[in-house]
1. All other residues with a Cβ under 11 Å from the Cβ of Leu35 taken together, and with Lys, Arg as +1 and Asp, Glu as -1, what is their net charge?
2. In whole Hz, what ³J(HN,Hα) sequence does the stretch 183-194 give by Karplus (6.51, -1.76, 1.60; θ = phi - 60°), x for Gly and Pro?
3. Just to check I understand the Karplus step: with θ = phi - 60° and J = 6.51 cos²θ - 1.76 cosθ + 1.60, what whole-Hz values come out for the stretch 37-45, glycine and proline as x?
4. Over all distinct alpha-carbon pairs, what is the Kirkwood Rh of the stretch 79-156 in angstrom?
5. Could you please report the charge total around Ser165, scoring K, R as +1 and D, E as -1 over all other residues with beta-carbon less than 14 angstrom from its beta-carbon?
6. Please order Tyr119, Tyr108 by the number of other Cβ within 10 Å, starting at the fewest.
7. Just to check I understand the Karplus step: with θ = phi - 60° and J = 6.51 cos²θ - 1.76 cosθ + 1.60, what whole-Hz values come out for the stretch 22-29, glycine and proline as x?
8. Normalise the Cα radius of gyration of the stretch 64-211 by 2.2 N^0.38 Å (N = residues in it) and let me know the number.
Amino acid sequence: MEDAKAAPKPTRARNRRGEGARLREEIVTAAVALLDETGDESAVTLRAVARQAGIAAPSIYRHFPDQPSIMLAVVQQAFAELEARLRTARDAAPQHPQARLTTVCTAYLDFAQQHPGRYRTMFGGLWMPDLANSALTESDMTDLGQAAMHLLAEALADCVTTGLSTSTDPAADAVALWLGLHGLAHQRAVTVVFPGPADIADRMITALAHLRG
């Protein structure tokens, strides 16, 4: 009997004229699903994505010239989801600058914990392209995460404006705060038992944001 796990995905119904955008979205969705299932960006090949989406591999080239282009779309979607998560958390937080900053930071750490495969891929990994031999450009890469970074910087700036933070360079300190969050998120992901106090996130946010406490 044929192994059920090896059975091909059902063939996808062909799009009607003008529905190419839907196919592009389905390709990205298939790539995200592969990344979530395997936790390994090397598993997101053109052939595997086509199989996951139930389409012929050549159909992908109508929307993505190469594998890094698919991965860029996956990463862009992940950053958009991160931004939406941070914005929702900020808007639901108490109308107090420090509470909003802390909530945004906590939402960032929660996202990283809930989507480890996506998060790791968002910040590098095997998919990072050689720009000289890829359809991607430098601006494609530098634009990643800017909206989420802006939310974090805005939350810190509000703390400075209201006297809750003693930062004299909010823009630079926002970058330092992000690096701290990123480091903590990574360490939690790779360490079975995190060697630190339970309130390490609050301690780090308070120090890097120069909060008065």
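Read-outs throughout are calculated quantities, based only on the coordinates presented, and are distinct from any laboratory measurement. Predicted model only: the values in this text are computed from it and were never measured. Neighbour counts run over all protein chains shown; Cβ positions are idealised from the backbone, glycine included.
1. Details: positive: Arg118, Arg120; negative: Asp36, Glu37, Asp40, Glu41.
Surrounding charge for Leu35 is -2.
2. Karplus values, whole Hz, x for Gly and Pro: x, 5, 4, 5, 5, 5, 6, 9, 10, 5, 10, 6.
3. 5, 9, x, 9, 5, 5, 7, 8, 9
4. Numbers: mean 1/r = 0.0728 Å⁻¹.
About 13.7 Å for the stretch 79-156.
5. On the way: positive: Arg100, Arg212; negative: Glu154, Asp158, Asp169, Asp173.
For residues surrounding Ser165, the net value is -2.
6. Details: Tyr119 19, Tyr108 25.
Going from least to most buried by this count: Tyr119, Tyr108.
7. 5, 4, 4, 4, 5, 5, 5, 4
8. That works out to 1.11 for the stretch 64-211.
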